[in-house]
1. Among His169, His150, which comes first, second and so on when ranked by fewest other beta-carbon atoms within 10 Å?
2. Under 13 Å from the Cβ of Ile115, count the other residues' Cβ atoms, weight Lys and Arg +1, Asp and Glu -1, and hand me the total.
3. What list do you get for Asp149, Asp184 if you sort them by fewest beta carbons within 10 Å?
4. Translational diffusion coefficient, Stokes-Einstein: compute it for the range 67-208 using the Kirkwood radius over C-alpha pairs as Rh, at 25 °C and 0.890 mPa s, and state it as an integer in µm² s⁻¹.
5. Assign unit charges at the C-beta atoms only (+1 for Lys and Arg, -1 for Asp and Glu), then state the dipole size of the range 67-208 relative to its Cα centre in Debye, rounded to the nearest 20.
6. How large is the convex hull of the C-alpha atoms of the range 128-217 per residue, in Å³?
7. Separation of the range 151-166 and the range 185-202 by C-alpha centroid, Å?
8. Taking the range 84-135, which chymotrypsin sites (Phe, Trp or Tyr not before Pro) meet the DSSP loop condition and have no more than 15 other C-beta atoms within 10 Å?
Amino acid sequence: MKRFAYATVLAAFALALWWFQRPHAPAVPTSDKTPNIEAPSDAIAGTLSTPKKSDSTLTDQPSSVPIYHSKNFLSQLNQPYAFGVIPPSSALVWTSAGDQTFKVADADGNNIRTIESNFEDPYDLTIASSYGHTLLFISEGAIHRHSVDHQAGTRQEQRLLSLPSQAVHGLGFDSVSNTLYLGDSLGRAKFAIQFDDEGNSTMKTITLLTHSTQEEP
């Protein structure tokens, strides 16, 4: 009888030891709440939401930033130097140091044009035409025009106007607007002289602008 009781105690002890040593499954939370996962308001079932592309413009800057600060605009140019604004249209003119010319463009940076230019003394320009050519040059403190008409067989020289008191370095002529540009001592477009059909001229002072990437010649 004692042996049976002793065996029963040993069996109970072994069962208890097995119970405590067996692996236990992790506890499962008893909360009945489920995570609240919200999809983006513009999401569509079965698709991915992609970023919206902004409309492309000429500039990569806000509209309030001048065009001559735009990387897209400057990337089209060849070492631009000394931007200026031509009154009253606010068109742009600048010196292109890379090819030694004056260039002009609309106020918004479009319609870039290279005009006839000369930065070598005496800064004369030869403008070809259907009937001949016209020579613009500086002599004795004035701008002169020498026209040759091959069809009529004539030559004509005119003294157009006296030069401003400032030293001139560079001459440019835009045949589209019939405008002559004078560069200052640093080669920056400083004066714009526009001619009408009768040969009368109007001189305008160009407003020079400051730009961080401009280089002195």
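1. Working: His169 18, His150 11.
Least crowded to most crowded, the residues run His150, His169.
2. With Lys, Arg at +1 and Asp, Glu at -1, the neighbours total -1.
3. Values: Asp149 14, Asp184 18.
So the ranking, lowest neighbour count to highest, is Asp149, Asp184.
4. Here the translational diffusion coefficient equals 157 µm²/s.
5. So the dipole magnitude of the range 67-208 works out to roughly 340 debye.
6. Enclosed volume per residue, from the Cα hull, is 119 Å³.
7. So the separation of the two Cα centres works out to 13 Å.
8. Values: sites: Trp94, Phe102, Phe119, Tyr123, Tyr131; in loops: Phe119, Tyr123, Tyr131.
The qualifying sites are Tyr131.
Just so you know, all these numbers are worked out from the coordinates, no wet-lab data involved. Computed from a predicted structure; not experimentally measured. Please note: Cβ atoms are built from the backbone with ideal geometry, for glycine as well, and neighbour counts cover all protein chains shown.
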